[in-house]
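Written out below as structure tokens is the structure these notes cover.
The values are calculated or read from the model by the stated rules, or taken from the named source; none is laboratory data. Being a predicted model, the structure only gives us computed values, none of them experimental. Ideal geometry is used to build each Cβ from the backbone, glycine not excepted, and the neighbour counts take in all protein chains shown.
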Amino acid sequence: MAAVPAAKRRRLSPPEDGAYPIQTKQNHKADFLKNASKWDLEQDYETRPRKLNKKKENKRLPVRTVEGWVAPAPAAEEVKSEEDSDSFLGSGDEAKEEQEEKVVEEQKPKIPARQQILEAKEELARIASLVNEDPEEHIHALKTLAAISDSENVTVKKLALATQVAIFKDLIPGYRIRPLSEEAMGEKISKDVKKLRTFEQRLVTGYQAYVEQLGKLAKASGHKNEQTAGLASVAVTCACSLITAVPHFNFRGELLKLLIGKLSTRRVDADFVRCREALETLFENDEDGNVSLEAVTMLTKMMKGKNYHFDESVLNTFLHLRLLSEFAQKASYNSVDKAEDQFNGKKLKQKREFRTKRTRKDLKEKKAIEKEFKEADAAVSHEERDRMQADTLKMVFVSYFRILKARSPKLMGAVLEGLARYAHLINQDFFGDILEALRDIITTAEVSAAAAAGASDDEDEDAESDDDDEIPERNLTRESLLCVITAFALLEGQDAAKAASALKLDLSFFITHLYRTLHAVSLSPDVELSSKSLHLPDPNAPESHIPTNKINVQTTIVLLIRSLTSVLLPAASLRAVPPLRVAAFAKQLMTISLHLPEKSCTAMLGLMNRITKSHAKKVAPLWNTEERRGDGVFDALRGEVEGSNAFSGTVWEGELLKRHFAPSVREAVGGLERNVREGLRG
């Protein structure tokens with residue numbers, strides 16, 4: 001087979017110039033720009049497929065709450081960042097504006113304040129009823145109440161605080177809940193016990209948060225803003241209600257700290273009075289003495305921290321302690337006398353009773369059972385209560401004695417009144433220190449009075465004004481009268497003969513001072529005015545002479561009659577009153593009765609009737625000259641009782657008092673004369 005010849009290739013000659021266009025890189029770029037102007041970019045962006053945010057299906061089960069069955073909120077979706085958006089097309093800013101419009105539209109409309117209060121009342125009432133029906137099942141509602149109490153509406157906040165007080169007072173058990181130890185947490189317990197423990201722990205947690213909230217709100221008491229001050233007042237009221245209703249429960253110290261913090265201020269307002277009354281109620285209702293001891297200890301620390309600059313009514317809360325009537329032992333500020341059956345320093349032996357071995361075993365088992373019953377009933381033994389009250393009494397005496405040493409001007413009256421009330425509980429060691437302090441107070445009063453009298457006689461007006469500025473703001477007359485009352489009240493609470501012989505104190509010092517002040521007290525224009533009397537001060541008197549300290553509600557004449565009664569009509573153990581002392585006081589009392597107002601004069605003559613009944617024969621020579629023995633002249637201005645020579649005088653004041661305009665005064669003078677005549681006949 002013959003071979004096929006190869007195909008002949010035609011030679012191509014190069015084209016002529018300009019026959020075919022040569023495409024260069026510049027031509028490609030020009031064609032691209034020419035065609036790009038025909039592209040529809042917006043239509044291309046619109047038709048481009050994109051990923052849409054599909055809502056995920058909520059597969060979570062509904063939850064049962066206080067409000068009923070509520071579906072859980074869907075999971076939060078991821079927000080696309082600005083980098084993922086097509087910023088080069090200008091769509092990022094538009095997306096932001098759309099999102100802001102949606103957020104504004106999703107905001108709830110504002111509810112009027114009145115509507116909020118009505119809805120809050122209904123909600124609080126519903127929650128309270130649920131908790132009251134089944135506390136263990138709905139104990140988690142305490143968190144809901146705490147959330148409502150954080151409302152911005154002040155009225156809603158007050159209602160929530162008051163509702164929580166009522167709920168806690170119903171829920172709190174009659175015992176203190178202790179925290180569980182690690183061993184107790186690891187123990188296997190029954191379902192009921194576990195449920196009870198859960199309830200108790202949630203109750204304590206909610207109560208702690210509530211007490212802390214009250215403490216924060218109460219700090220704004222007395223604020224200039226009315227709403228803030230009103231909210232603080234509600235918080236103080238809630239704390240006072242809790243401390244008086246459930247003083248045995250947890251966080252008692254925080255509540256006492258709140259009350260005492262308010263009492264430490266010198267501003268006496270409604271909250272101050274409310275806290276003071278709550279503390280007094282707490283002292284009166286405390287049976288075991290534990291709460292009183294804790295409160296008195298905190299009060300003592302507060303007084304010392306304030307350097308004894310506080311209102312005197314705080315100190316008067318000690319007069320409401322139950323140990324005044326229940327405690328029988330005597331104490332001082334550092335020790336308490338032990339109550340033991342002793343005879344000449346030796347403990348008396350009790351008669352031993354024969355018991356068989358079986359009887360002793362039965363008694364031992366019986367005591368063990370009684371001990372378990374006491375622990376189960378949380379009953380406090382008498383020994384424990386006496387120990388608590390003894391410690392409380394020592395703290396009270398510490399406060400009183402420190403204030404006596406500090407000479408706090410505005411607290412001296414309250415201290416002296418308190419010591420007079422506690423006189424029967426003071427032992428002889430503390431008794432001597434107090435009497436020495438009382439003597440110093442009276443001596444200071446006498447020196448101040450003498451200095452004031454000397455300055456008015458000898459110095460010029462400039463010197464007088466300088467002395468007036470240095471005189472402290474103290475009513476020394478009232479303080480001296482209270483010192484006399486306190487001294488004799490202490491004597492009545494002690495064995496006077498043993499106390500006078502052992503301590504070697506001259507008790508006639510107080511009697512002499514009282515005798516010297518009779519004329520000054522009778523000439524005082526404020527003899528019938530107390531700290532609560534409505535009267536205007538003397539406009540011509542300097543400010544330093546205006547008595548600012550409110551000792552008590554008793555008037556000066558009442559204090560004077562109490563002092564005279566203690567001196568002239570003492571207790572049975574102090575009946576031996578010398579005739580010269582009785583006669584000197586009787587003569588002076590009849591003289592000052594001429595200067596006293598009607599009511600004070602009647603009261604003073606009533607005291608004279610009692611004196612003439614008890615000491616008729618001793619004072620008879622003042623009315624009957626035939627019974628008189630002695631000569632000389634009566635000196636009414638003599639500072640000493642024995643040196644006045646009272647039996648040389650005559651009660652001529654009775655003839656003037658018989659013509660007094662008040663019928664009560666005339667009747668009292670007639671009774672004096674009848675008592676003297678009956679005494680002479682007897």
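Give the range 313-322 a look and list any residue that's crowded, with 17+ Cβ neighbours inside 10 Å, among the aliphatic types (A, V, I, L, M) and under 11 Å from VAL396 (Cα atoms), or say none.
Once the filter is applied, which keeps residues that are crowded, with 17+ Cβ neighbours inside 10 Å, among the aliphatic types (A, V, I, L, M) and under 11 Å from VAL396 (Cα atoms), the range 313-322 yields LEU315, LEU321.
Looking at (1) closer than 26 Å to ILE403 by Cβ; (2) modelled with pLDDT of 65 or more; (3) of a type in the set (Asp, Glu), which is the one condition that is false for GLU528?
Tallying (1) closer than 26 Å to ILE403 by Cβ; (2) modelled with pLDDT of 65 or more; (3) of a type in the set (Asp, Glu), GLU528 fails exactly one: (1).
Quickly run through the range 628-658 and pick out the residues that are in a helix (DSSP H, G or I) and under 24 Å from ALA603 (Cβ atoms).
Within the range 628-658, SER644, ALA646, GLU653, GLY654, GLU655, LEU656, LEU657 meet the criteria.
So LEU596 fits all but one of (1) surrounded by fewer than 13 Cβ atoms within 10 Å (Cβ to Cβ); (2) assigned to a loop (DSSP other than H, G, I, E, B); (3) at pLDDT 90 or above; what number is the exception?
Only one criterion is unmet by LEU596, namely (1).
It is to be established whether one or more residues within the range 203-213 are among the β-branched types (Val, Ile, Thr), more than 19 Å from VAL268 (Cα to Cα) and surrounded by 17 or more Cβ atoms within 10 Å (Cβ to Cβ).
Within the range 203-213, one or more residues are among the β-branched types (Val, Ile, Thr), more than 19 Å from VAL268 (Cα to Cα) and surrounded by 17 or more Cβ atoms within 10 Å (Cβ to Cβ).
Of the residues that sit in the range 630-656 and are free of Cβ contacts under 8 Å to residues at least 24 places away in the same chain and of a type in the set (Asp, Glu), which one is surrounded by the fewest Cβ atoms within 10 Å (Cβ to Cβ)?
Across the range 630-656, the extreme among qualifying residues is ASP631.
Could you look through the range 263-312, keep only residues that are of a type in the set (Phe, Trp, Tyr) and assigned to a helix (DSSP H, G or I), and pick out the one that is farthest from VAL396 (Cα to Cα)?
Applying the filter and picking the extreme gives PHE272.
Quick grid of which residues meet (1) more than 20 Å from ARG252 (Cα to Cα); (2) outside any helix (DSSP H, G or I); (3) modelled with pLDDT under 85:
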| site | (1), (2), (3) |
| --- | --- |
| PRO135 | yes, yes, no |
| ILE139 | yes, yes, no |
| THR144 | yes, no, no |
| GLU152 | yes, yes, no |
| THR155 | yes, no, no |
| LEU159 | yes, no, no |
| LYS169 | no, no, no |
| PRO179 | no, yes, yes |
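Report, by residue number, each residue of the range 281-293 that is of a type in the set (Asp, Glu) and crowded, with 18+ Cβ neighbours inside 10 Å.
Passing the criteria: only ASP286.
Does at least one position in the range 657-665 carry a residue that is hydroxyl-bearing (Ser, Thr, Tyr), in contact (Cβ under 8 Å) with a residue 60 or more places away in the chain and either surrounded by 13 or more Cβ atoms within 10 Å (Cβ to Cβ) or under 24 Å from ARG516 (Cα atoms) (or both)?
Looking for residues that are hydroxyl-bearing (Ser, Thr, Tyr), in contact (Cβ under 8 Å) with a residue 60 or more places away in the chain and either surrounded by 13 or more Cβ atoms within 10 Å (Cβ to Cβ) or under 24 Å from ARG516 (Cα atoms) (or both), one finds at least one in the range 657-665, hence yes.
Take the residues of the range 399-408 that are surrounded by fewer than 18 Cβ atoms within 10 Å (Cβ to Cβ) and in contact with a helix residue (DSSP H, G or I) (Cβ under 9 Å, 6 or more places away or on another chain): which is modelled with the highest pLDDT?
ARG402
Yes or no, residue by residue, for (1) hydroxyl-bearing (Ser, Thr, Tyr); (2) assigned to a helix (DSSP H, G or I); (3) at pLDDT below 85; (4) over 14 Å from VAL521 (Cβ atoms):
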| residue | (1), (2), (3), (4) |
| --- | --- |
| ALA584 | no, yes, no, yes |
| CYS601 | no, yes, no, no |
| MET604 | no, yes, no, no |
| MET608 | no, yes, no, yes |
| GLU626 | no, yes, yes, yes |
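Which condition number does GLY222 fail, the rest of (1) among the small types (Gly, Ala, Ser); (2) surrounded by fewer than 22 Cβ atoms within 10 Å (Cβ to Cβ); (3) touching a Ser or Thr at 6+ places or on another chain (Cβ under 7 Å); (4) more than 30 Å from GLY174 (Cβ to Cβ) being met?
In the conditions (1) among the small types (Gly, Ala, Ser); (2) surrounded by fewer than 22 Cβ atoms within 10 Å (Cβ to Cβ); (3) touching a Ser or Thr at 6+ places or on another chain (Cβ under 7 Å); (4) more than 30 Å from GLY174 (Cβ to Cβ), GLY222 misses (3) alone.
Go through the range 235-251 and give me each residue that's in a helix (DSSP H, G or I), touching a Lys or Arg at 6+ places or on another chain (Cβ under 9 Å) and surrounded by fewer than 22 Cβ atoms within 10 Å (Cβ to Cβ).
THR237, SER241, ALA245
State all residues of the range 145-179 that are of a type in the set (Val, Ile, Thr) and touching a residue at least 60 places away in the same chain (Cβ under 8 Å); if no residue qualifies, say none.
VAL154, VAL165, ILE172, ILE177
For PHE661, state whether it is within 20 Å of VAL527 (Cβ to Cβ) and not in a helix (DSSP H, G or I).
Answer is yes for this residue.
A quick yes/no check of all residues on (1) β-branched (Val, Ile, Thr); (2) in contact with a helix residue (DSSP H, G or I) (Cβ under 6 Å, 6 or more places away or on another chain); (3) modelled with pLDDT under 90:
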residue: GLU280; (1), (2), (3): no, yes, no
residue: GLU284; (1), (2), (3): no, yes, no
residue: ASP288; (1), (2), (3): no, yes, yes
residue: SER325; (1), (2), (3): no, no, yes
residue: LYS338; (1), (2), (3): no, no, yes
residue: GLY345; (1), (2), (3): no, no, yes
residue: GLU353; (1), (2), (3): no, no, yes
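Enumerate the pairs (first residue in the range 606-622 and hydroxyl-bearing (Ser, Thr, Tyr); second residue anywhere and not in a helix (DSSP H, G or I)) with beta-carbon separation below 8 Å, excluding pairs fewer than 6 apart on the same chain, so at least 6 apart or on different chains.
Every condition considered, the pairs that remain are SER614/LEU569.
Could you check the range 564-579 and list, in sequence order, the residues that are at pLDDT 85 or above, of a type outside the set (Ser, Thr, Tyr) and either closer than 13 Å to ALA487 by Cβ or in contact with a strand residue (DSSP E or B) (Cβ under 6 Å, 6 or more places away or on another chain) (or both)?
Across the range 564-579, the qualifying residue is only VAL567.
Test GLY230 against the stated conditions and say whether it is more than 30 Å from PRO135 (Cα to Cα) and not charged (D, E, K, R).
yes
Would you point out which residue out of ALA390, ALA368 is under 25 Å from SER292 (Cβ atoms), small (Gly, Ala, Ser), out of contact with any Leu (no Cβ under 6 Å at 6 or more places or on another chain) and at pLDDT 80 or above?
ALA390
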